[in-house]
Every structure is written in structure tokens, then in C-alpha cells.
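Some notes on the structure that comes next.
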Amino acid sequence: MATVDPDPISAPRDRITVYGVNWCPDCRQSRAVFEETNVPYVWIDIDDNKLGEKFVLATNRGNRSVPTIIFPDGSILVEPGANQLRRTLEAYKTELAA
């Protein structure tokens with residue numbers, strides 16, 4: 001249910017955007033949680049996308065911390081655990097339904 005967006009600047013602001021890398025276990029875990037909760041998201045691989053990497057570095061005080069997850073309301077999760085991400089996504093889905 002991921003959409004790959006090559007341009008982080010044009011990533012839709014009405015969707016969740018996940019910045020990560022394919023080789024990262026935490027990123028793979030986060031992607032699995034998105035799939036299991038059936039929440040759509042935009043995936044930006046910062047190994048392939050230097051603008052995405054710059055965004056992550058700027059957001060995380062010079063650290064290449066992934067996954068960095070941006071929600072439509074501007075809130076950010078960085079390297080969340082699976083349970084924290086599940087709770088956040090369930091709250092997000094509840095908010096959308098309201």
C-alpha cells in the first residue's frame with residue numbers, strides 16, 4: 001500500500017510520508033505495521049533520494065535517523081517501535097473516520 005515518491009518536496013501533504021532505507025530493520029518493521037494496519041503511505045528511500053536525505057538530516061539535527069515518519073498534521077515519529085507506531089496509526093485512522 002506504499003506509493004514511492006522520488007521527490008520529497010512534492011510528497012502529498014494529505015498522506016503519511018515515510019523516509020527510510022530498504023536495508024534498515026526498523027524501516028522494514030515500520031512498513032510491515034503500515035501494511036498490517038492498512039494505512040497508505042508515501043515511501044521515500046533516502047539512499048536513492050538526496051533531497052529526502054537532506055530533509056531527514058535537517059529534521060533530526062544532522063542524524064540520518066530512519067524511519068522518519070511525517071503525518072499530515074505535521075507531527076513526526078522518528079524510529080518508533082512497532083507498538084508505538086500501531087497506536088499512532090490507529091489514532092490516525094480514528095481521526096480520519098471522525
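Here, each number is a calculation from the coordinates, and none is a lab measurement. Quick caveat, the model's predicted, so the values are computed rather than measured. No Cβ is skipped: glycine too gets one built from the backbone with ideal geometry, and neighbour counts run over all protein chains shown.
Loop-located chymotrypsin sites (Phe, Trp or Tyr not before Pro) across the range 10-98 with a Cβ neighbour count of 14 or fewer within 10 Å are TRP23, with loop assigned by DSSP. Summary value for the range 2-97: 33 percent relative contact order, contacts being C-alpha pairs under 8 angstrom separated by 6+ residues.
Note on the chain: with charges restricted to the Cβ of Lys and Arg (+1) and Asp and Glu (-1), its dipole about the Cα centre is near 200 debye.
Please give the net charge around LEU57, taking every other residue with its beta carbon less than 12 angstrom from that of LEU57, where Lys and Arg add +1 and Asp and Glu add -1. Display every interim value, and only then the final one.
Working: positive: LYS50, LYS54, ARG61, ARG64; negative: GLU53.
Within the 12 Å Cβ shell, the charges total +3.
Could you tell me which label, among (1) 12.4, 37; (2) 14.0, 42; (3) 16.8, 54, carries the value of Rg and Dmax of the Cα atoms in Å calculated for this structure? For Rg and Dmax of the Cα atoms in Å, the calculated option is (1).
Counting other Cβ atoms within 10 Å as a rough exposure proxy, the listed residues ARG31, ARG87 run ARG87, ARG31 from fewest neighbours to most. Taking GLU79, GLU53, GLU36 as the candidate residues, the one with maximal mean-square fluctuation in a Gaussian network model of the chain, Cα springs under 10 Å, is GLU36.
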